[in-house]
Structures are given as structure tokens and as C-alpha cells.
Amino acid sequence: MSTKQYNATHRFARISVRKVRPLLDLIRGKYADDALDILKYMPHRGARMIEQVLKSAMANAEDKGIRNAGDLVVIDARGDGGPMFKRLMPRARGMAYLVRRRSAHIAIGLMDLIAGVEESEEADE
């Protein structure tokens, strides 16, 4: 079964991974068109970032010859922690607290599961 996976990533996204992961959990396992519809009506800033990555993965699939990228399934939706910008927040009595500005690496992978089922049926025969 040689089904191809189509990937797109947004590295060093200036948003915390904690804010992105619940949105990625919503679209994992859904068709790409359905995932876009879900993200379109989310009021979160992270939803815009994930939407761009998903559209990029669909465009990558179309470049590789997939006719309808909306029929692909989101099989890989990951949010990994990126590097942190460390800043100092002045506090009382000459102290300073460390403020961590977090970033994220967002990765989305699409796969045509229908083609994979058809290939496995041909192999069985």
C-alpha cells in the first residue's frame, strides 16, 4: 500500500502550543474540506494559522496531481513547541521575572484513504 502523504508546516509560529493543540485535535481524522469549514468559524487566532497550513497542504497535493484535494483526510495534525523568546519583567525591590514568549511548529499531513483502500483491494485479488 503506497499511499502518498502530503505535508505542510508552519515553523516558528508566534503562538503558544497550548492554544493550538485543541484546535488541531478538532480537525484530526476529518476530510480536508470539513476541516476548513470547522476552522473558518472558529474565533481563535490559531485557527487562522492552522487554516493557512491546511490550505498549503491541499495545494501541495494538487501540485502532485491530486484532482480534488478536499477529499483527502487529515491524518497528521501536530503542534510541537518551538523556541522561546525570553524577556525580563521588572518587579518590586529590583527583582525581575522571566517572561517566556512561546512559539510553535504546526504540521499537517493529508492522505487519500480511498485510494489506499482501492490499492489494498487490488493487492488482495
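The values are calculated or read from the model by the stated rules, or taken from the named source; none is laboratory data. Treat the numbers as computed from the prediction; the structure is a model and nothing was measured. Quick reminder, even Gly has a Cβ in these numbers, built from the backbone with ideal geometry, and neighbours come from all protein chains shown.
Quick notes on this structure:
- Some residue of the range 82-97 being among the hydrophobic types (A, V, I, L, M, F, W, C), modelled with pLDDT of 95 or more and under 19 Å from Ala8 (Cβ atoms): no
- Matching entry among Glu62, Glu51 (being in contact with a Leu (Cβ under 6 Å, 6 or more places away or on another chain) and without any contact (Cβ under 8 Å) to a residue 40 or more places away in the chain): Glu51
- Test: residue in the range 80-103 that is closer than 22 Å to Leu26 by Cα, in contact (Cβ under 8 Å) with a residue 60 or more places away in the chain and in contact with an Asp or Glu (Cβ under 9 Å, 6 or more places away or on another chain): no
- Of all residues making up the range 57-81, the number that are buried (at least 18 other Cβ atoms within 10 Å of the Cβ), part of a loop (DSSP other than H, G, I, E, B) and not β-branched (Val, Ile, Thr): 1
- Matching option when the condition is of a type outside the set (D, E, K, R) and under 28 Å from Tyr6 (Cα atoms), among Leu98, Leu110: Leu110
- Residues that are more than 27 Å from Leu36 (Cα to Cα) and at pLDDT below 95 within the range 98-125 comprise Glu119, Ser120, Glu121, Glu122, Ala123, Asp124, Glu125, listed in sequence order.
- Which listed residue is part of a helix (DSSP H, G or I), under 11 Å from the mean Cα position of the chain (by Cα) and closer than 26 Å to Ser16 by Cα, from Leu110, Leu54: Leu54
- The requirement of being under 16 Å from Gly109 (Cβ atoms), within 17 Å of the chain's Cα centre (by Cα) and not hydroxyl-bearing (Ser, Thr, Tyr) is not satisfied by Ala47.
- Per-region count, the range 1-44, residues more than 10 Å from the chain's Cα centre (by Cα), closer than 20 Å to Ala69 by Cβ and surrounded by 19 or more Cβ atoms within 10 Å (Cβ to Cβ): 4
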